[in-house]
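Reviewing the structure listed below.
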Amino acid sequence: MSIMKNLAPQKEVQTGTYLAIRYSLEFVVVVLGISVSFWLSEWSELRNELEHQTKDAIDLIDDLTVDGERLDIVSNAIEVGKNRTSRILKNHLDLQQGLLSYDAFADSLIDIGYAYSFLTFFMVDGTYKSLINNGRLQNFPSDLEKDIKGYFEYVSKRVEDNNEIVDNVALEYYAKHHPMCLWVEPFVEGGEGATGAVRRPKESLRSYLMSKEVRAGYESIEFFNATLVLRDRVFVHGGQIKRYEAMRNALTRRLQESMEGPANSL
């Protein structure tokens, strides 16, 4: 009887120990399950964010690639404009100094053709605006987000004002000082020194330039000064385009580098 009494407490202790271990294990399993569930949820969310960031970076690079192509076209037109306005100024100086006859000067204007095109840069910002609206721009690292905003905000605000100035200067130049250009086809792309495509026969253009009133305008210092103004705007515009190109190239590299990290983390 005394043996049974001694065994009873031992059994209770064993049972208590078993239950304690069991409940502890169950608690650990539950905690681990919850932790793993949270971890998987966070990992899945992070994966989705990285996938979105990679896609958004690709879309931005695509837009920047189009920007690059447009900047190249405008940059080439600017180089042609520099060449042509410089030729007009040189020939006009020769005319003033008696080194060139007006007949030869008129022929040079016909040969040069359109002095400068109206080509200006318009950026592609559809992806950027979308990222601003849906808030996904904040998924990028803060320094990269700053660079993205820097490019699109800086360029977009300056492009509109600059394009308007270029248009106004060019329109005034052709309307008031170099109307012969209104008689030629719209600017034709080409290498340095390329001539504009003439819509009217050369004889017709020459006859126009040789008329008394027109000749007086082209021989005047006002024509020379107006060409100087146009040439200055061409150079200023060229400097701005180079700035846009540098910012575009830098941002493209940053975006390409940013995709290497997320790609290795997925």
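Some notes on this structure:
- Under 19 Å from a label point set 7 Å out along the Cα-to-Cβ vector of E172, the amide N atoms of the stretch 201-232 belong to 217-218, 220-232.
- Neighbours of N225 by Cβ distance under 11 Å: Lys/Arg scored +1, Asp/Glu scored -1, total -1.
- Each label was represented as a point 7 Å from its Cα along the Cα-to-Cβ direction; for K129 and K149 these points are 1.9 nm apart.
- Karplus-derived 3J(HN,Hα) values for the stretch 228-233, using 6.51 cos²θ - 1.76 cosθ + 1.60 with θ = phi - 60°, are 4, 4, 4, 4, 4, 5 Hz; glycine and proline are entered as x.
- Within-14-Å neighbourhood charge of A246 [Cβ basis; K, R +1; D, E -1]: +2
- Fully extended contour minus Cα-Cα distance, from E203 to V236, at 0.36 nm per residue: 8.3 nm
- Residues whose amide H lies under 5 Å from that of V124, counting only those 5 or more places away or on a different chain, are D67; hydrogens are built 1.01 Å from N in the peptide plane.
- Scalar couplings 3J(HN,Hα) for the stretch 201-218, obtained by applying the Karplus form with A = 6.51, B = -1.76, C = 1.60 to θ = phi - 60°, are x, 4, 4, 5, 5, 5, 4, 5, 5, 8, 5, 4, 5, 5, 4, 4, x, 6 Hz; x denotes Gly and Pro.
Every number here is computed from the coordinates shown, using simple stated rules; none is lab data. Quick caveat: nothing in here was measured; it's all calculated off a predicted structure. Neighbour counts are summed over all protein chains in view; Cβ atoms, including those assigned to glycine, are modelled from backbone coordinates with ideal geometry.
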